[in-house]
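One structure is given here, and the rest of the page talks about it.
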Amino acid sequence: MAEHDSDREDREPEEQGVPFDEDAAWAAIVAGYGEEPKDPPGSKPFRSVEDLALPEPDAEEPEADAPKQEKPAKPLGGSVSFAPGVGPRDYTTTEPAEDDFDEDDEGHFVPPEPPPLPEADATAKFAWLGVIGGPILLLLAVLFGWDMTWWLATLGIGGFLGGFATLVMRMRTDDEDDGDPGRGAVV
């Protein structure tokens, strides 16, 4: 196979018996510049986006001889619009009945209500106010162009740092089981 390919590479176009006229090739390219080439046989002619919804022209009649069709007043096609409250997102599934389950099925699981969140004390509320409110105060000062006075910077930065330190110190450590040796069995 390699010998066969190397034979082709060694031959010049004149050796193949086909003369190559470069000037004639360039003249043909320049003469055909700007003209649209003919479509290959069996291909459909190009149709613009506006004409895609119109019926197909007859294959027997060439398009040049066909009478020009009037364009519709408004474009055909377009996106699908739904009335309010109607559409693909209003689909609901049917509720399962007891007859839908076999003997092996356990039924539909309904998780229990989660316990309510614990009430936050005043210290935790002020700590969160400092953590969130300090940076917001500094951001508002920058956005509104307030003078960055010492008390504004102290309140913003100090509120954030103090609130963060308070929340970290009040975290639970789960050291309630002091009698638990931790790893391994007690002998």
* Heavy-atom accessible area of residue 160 with all protein chains present, probe 1.4 Å, nearest 10 Å²? -> 80
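Given a 1.4 Å probe and heavy atoms of the protein chains only, how would you sort 21, 121, largest accessible area at the top? Don't skip to the end; give the middle numbers.
Working: 21 90, 121 65 Å².
Descending accessible area places them as 21, 121.
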* Asked: How much solvent-accessible surface does residue 30 expose, in Å² to the nearest 10, with a 1.4 Å probe and all protein chains in place?
  -> 100
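Calculate, for residue 144 and residue 167, the FRET efficiency according to 1/(1 + (r/R0)^6) with r their C-beta to C-beta distance and R0 30 Å; round to the nearest 0.05. Before the final figure, lay out the partial values.
On the way: r = 28 Å, r/R0 = 0.94.
For residue 144 and residue 167, the calculated efficiency is 0.60.
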* In nanometres, what is the gap between the two model label sites at residue 27 and residue 56, each 7 Å from Cα along Cα-to-Cβ? -> 4.3
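The values are calculated or read from the model by the stated rules, or taken from the named source; none is laboratory data. Keep in mind that what you see is a predicted model, and the values were worked out from it rather than measured. Cβ: placed from backbone, ideal geometry, glycine included. Neighbour counts: every protein chain shown. We work out accessible area using only protein heavy atoms, side chains counted, and drop any ligands, DNA or RNA first. Shrake-Rupley method; radii C 1.70, N 1.55, O 1.52, S 1.80 Å.
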